[in-house]
1. Which of the residues spanning segment 146-189 are part of a helix (DSSP H, G or I) and modelled with pLDDT of 85 or more?
2. Any idea which residue in segment 190-209 is farthest from Ala251 (Cα to Cα), counting only those that are in a helix (DSSP H, G or I) and among the aromatic types (Phe, Trp, Tyr)?
3. Pick out the one residue from Ala128, Ala134 that is modelled with pLDDT of 85 or more, over 30 Å from Met306 (Cα atoms) and among the small types (Gly, Ala, Ser).
4. Determine which member of the set Asp271, Asp226, Asp305 is surrounded by 22 or more Cβ atoms within 10 Å (Cβ to Cβ), among the charged types (D, E, K, R) and not in a loop (DSSP other than H, G, I, E, B).
5. Give Asp237, Asp282 a once-over and let me know the one that is touching a Lys or Arg at 6+ places or on another chain (Cβ under 7 Å) and either touching a residue at least 40 places away in the same chain (Cβ under 8 Å) or part of a helix (DSSP H, G or I) (or both).
6. Can you tell me how many residues within segment 1-28 are at pLDDT below 50 and more than 23 Å from His95 (Cα to Cα)?
7. Regarding Leu195, is this residue closer than 12 Å to Leu265 by Cα and either in the same structural domain as Ile32 (by TED's automatic domain parsing) or out of contact with any His (no Cβ under 9 Å at 6 or more places or on another chain) (or both)?
8. What residue, of Phe106, Phe115, is closer than 23 Å to Leu292 by Cα and touching a helix residue (DSSP H, G or I) at 6+ places or on another chain (Cβ under 8 Å)?
Amino acid sequence: MNTAAPTSRPAPLARPAAVAALLAAFHARRPIRAGSLIVTIYGDAVAPRGGALWLGSLIGLLAPMGIGDGLVRTAMSRLAQDGWLERTRLGRNSHYRLADKGRRVFDAATHRIYFAAPGNWDGRWDVAILSGAAEARGRLRGGLEEKGFGALAPNVLLRPRGLAAEETIADLLLLDASGGTPEAARQLAASVWPLDDLAERYRRFIARFADLGASDGRAAALAPLDALIVRILLIHDYRRVILRDPLLPHALLPEDWPGAEARRLCGALYDAVRANSEAWLDAHGLNADGPLPPPDDAFVERFRDMV
């Protein structure tokens with residue numbers, strides 16, 4: 001494929017005020033974590049279209065977001081070194097594809113971001129009691145926390161029963177517990193998981209994206225590049241919160257829990273910008289074979305329960 005390298009400077013066209021405000025908020029964070037943003041782009045936009053992207057297409061997207069090609073190239077090299085991406089060269093052009101590690105992580109994150117929501121609960125708990133050497137307990141604790149467990153004590157973790165099936169694991173005693181009033185269960189959950197911090201993160205997310213016009217047509221009318229910028233920043237910020245959320249059942253959450261409102265807002269805004277953002281990828285997204293393939297069937301189901 002014969003593709004010329006694009007310029008690295010941001011596009012001079014003025015962004016709509018709401019989009020410019022989102023970009024300003026992103027750049028106000030220090031340091032600018034281009035690698036984390038690129039992870040979002042690959043997980044949200046590239047993975048559904050085959051998982052591979054020409055570096056020039058990525059630079060062409062990030063330049064209008066104020067991220068120069070030098071920073072992009074450095075971030076891509078680090079992601080490749082860390083096993084997230086694999087690089088191939090065709091002549092002077094570099095192409096990056098999701099590596100096995102990246103795809104596994106994205107698959108797990110995709111479910112939580114686009115499909116998972118708190119559900120019902122029968123009042124039962126999984127209680128994990130760790131034993132064995134300290135180093136082994138530490139490794140096991142980290143794995144259990146990834147599966148939704150929270151630490152009640154250094155060697156005692158719990159989660160609402162039914163969140164996921166649990167296999168037998170060495171050095172782990174898993175108990176089935178129940179009892180207590182609904183209020184006691186909520187208090188227990190608040191002592192195990194950082195719900196106050198999560199709630200504040202969700203409120204900041206809502207404040208940042210509430211005025212983008214998800215319900216009045218303004219977001220749907222954005223130009224393709226602006227629509228894709230909004231979509232990337234939307235998922236980037238939502239990912240930073242949702243991946244911290246244990247997704248506890250409704251019965252364990254405070255009555256004014258903002259996570260549900262944040263998910264409704266995210267789903268509505270994502271749906272509003274989906275078509276135009278995909279139009280930019282159709283026109284400008286390239287891999288080693290040419291234009292990116294269309295998104296897979298699962299893409300159209302993202303947030304489908306919300307719209």
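The values are calculated or read from the model by the stated rules, or taken from the named source; none is laboratory data. All figures in this text were calculated on a predicted structure; none of them were measured in a lab. Methodologically, a virtual Cβ is constructed for each residue, glycine included, from the backbone with ideal geometry; neighbour enumeration extends over all protein chains shown.
1. First, the residues of segment 146-189 that are part of a helix (DSSP H, G or I): 146, 182-189.
Correct list: Pro182, Glu183, Ala184, Ala185, Arg186, Gln187, Leu188, Ala189.
2. Step one: filter segment 190-209 for residues in a helix (DSSP H, G or I), giving 190-192, 195-209.
Cutting the leftovers down to among the aromatic types (Phe, Trp, Tyr) gives us 202, 205, 209.
Details: Tyr202: 19, Phe205: 23, Phe209: 27 Å.
My answer is Phe209.
3. Working: Ala134 fails: modelled with pLDDT of 85 or more.
Exactly one of Ala128, Ala134 is modelled with pLDDT of 85 or more, over 30 Å from Met306 (Cα atoms) and among the small types (Gly, Ala, Ser), namely Ala128.
4. Working: Asp271 fails: surrounded by 22 or more Cβ atoms within 10 Å (Cβ to Cβ); Asp305 fails: surrounded by 22 or more Cβ atoms within 10 Å (Cβ to Cβ).
Only one candidate qualifies: Asp226.
5. Values: Asp282 fails: touching a Lys or Arg at 6+ places or on another chain (Cβ under 7 Å).
Sole residue among the options that is touching a Lys or Arg at 6+ places or on another chain (Cβ under 7 Å) and either touching a residue at least 40 places away in the same chain (Cβ under 8 Å) or part of a helix (DSSP H, G or I) (or both): Asp237.
6. Final tally of qualifying residues: 1.
7. No; evaluated as a whole, the condition is false for this residue.
8. Working: Phe115 fails: closer than 23 Å to Leu292 by Cα.
Phe106 is the lone residue from the list that is closer than 23 Å to Leu292 by Cα and touching a helix residue (DSSP H, G or I) at 6+ places or on another chain (Cβ under 8 Å).
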